[in-house]
Amino acid sequence: MSCNRVELSGRLAALDAVRYTPAGIPIINFSILHQSSQIESGIERLVQCEVAAMAVGPLAEMIGKRKAEQECRVIGFLAARNRKSSQLVLHVNEIRF
C-alpha cells in the first residue's frame, strides 16, 4: 500500500520570490501556518504548526502573486527537501483561497 496525500488549511506565510529552473520552470517556496483543535486519545488539544511547502509550474506563479496571511486550503504530498536531507516539504498540487 502506498498513500502519500496531505490536505491542510491555514494561512500563507514566508512567501519567497518565484524562481526559475534552468529549463524555465517556475518554483516557489513558502510555508503554511496551521491552527486547529484536534482529538487525541479522547482529549481535545490545540494544534499549531508551520509547514514548509513548495509549488511548481503555473501554481507557483499564482501563489507568487498572493500576499502573506491569506487563508488557503492545499492538497499535495510529502517528500524530502532534497536527496541529502530528511526534512519534509509539502509539495502542493492544488490550492484554494
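The values are calculated or read from the model by the stated rules, or taken from the named source; none is laboratory data. It should be emphasised that the depicted structure is a prediction, and the values quoted were computed from it without experimental measurement. Neighbour counts run over all protein chains shown; Cβ positions are idealised from the backbone, glycine included. In case anyone asks, the SASA skips ligands and DNA or RNA and just uses the protein heavy atoms, side chains included. Shrake-Rupley method; radii C 1.70, N 1.55, O 1.52, S 1.80 Å.
Which of the residues spanning segment 75-87 are touching a residue at least 12 places away in the same chain (Cβ under 8 Å) and open to solvent by less than 90 Å² (accessible area, probe 1.4 Å)?
Applying the first criterion (touching a residue at least 12 places away in the same chain (Cβ under 8 Å)) to segment 75-87 yields 75-79, 81, 87.
75, 76, 77, 78, 79 - these are the residues of segment 75-87 that are touching a residue at least 12 places away in the same chain (Cβ under 8 Å) and open to solvent by less than 90 Å² (accessible area, probe 1.4 Å).
What's the number of the only condition in (1) exposed (fewer than 10 other Cβ atoms within 10 Å of the Cβ); (2) in contact (Cβ under 8 Å) with a residue 24 or more places away in the chain that residue 71 fails to meet?
(1)
Across segment 49-78, what is the total count of residues that are of a type outside the set (Asp, Glu) and under 22 Å from residue 24 (Cα atoms)?
First, the residues of segment 49-78 that are of a type outside the set (Asp, Glu): 49, 51-60, 62-68, 70, 72-78.
So of that shortlist, the ones also under 22 Å from residue 24 (Cα atoms) come out as 53-60, 62-66.
The total comes to 13.
To keep it simple, each residue is scored yes or no on (1) under 16 Å from the mean Cα position of the chain (by Cα); (2) within 21 Å of residue 68 (Cβ to Cβ); (3) surrounded by fewer than 16 Cβ atoms within 10 Å (Cβ to Cβ); (4) of a type outside the set (A, V, I, L, M).
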{"position": "11", "(1), (2), (3), (4)": "yes, yes, yes, yes"}
{"position": "19", "(1), (2), (3), (4)": "no, yes, yes, yes"}
{"position": "25", "(1), (2), (3), (4)": "no, no, yes, no"}
{"position": "31", "(1), (2), (3), (4)": "yes, yes, no, yes"}
{"position": "39", "(1), (2), (3), (4)": "no, no, yes, no"}
{"position": "42", "(1), (2), (3), (4)": "no, no, yes, yes"}
{"position": "47", "(1), (2), (3), (4)": "no, yes, yes, no"}
{"position": "54", "(1), (2), (3), (4)": "yes, yes, no, no"}
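Here is a list: 46, 90. Which entry is farther than 12 Å from residue 9 by Cα, of a type outside the set (Ser, Thr, Tyr), touching a residue at least 40 places away in the same chain (Cβ under 8 Å) and part of a strand (DSSP E or B)?
The conditions single out 90.
Looking at segment 59-68, which of the residues that are modelled with pLDDT of 95 or more and outside any helix (DSSP H, G or I) is nearest to residue 33 (Cα to Cα)? First the steps, then the outcome.
So in segment 59-68, the residues modelled with pLDDT of 95 or more come out as 59-66.
This time we only want the ones that are outside any helix (DSSP H, G or I), so: 65-66.
Numbers: 65: 18, 66: 15 Å.
Selected residue: 66.
Tell me which residues, restricted to segment 1-16, are of a type in the set (Gly, Ala, Ser) and without any contact (Cβ under 8 Å) to a residue 40 or more places away in the chain. Step through it out loud before you land on a result.
Initial filter on segment 1-16 (of a type in the set (Gly, Ala, Ser)): 2, 9-10, 13-14.
Within segment 1-16, 2 is the sole residue that qualifies.
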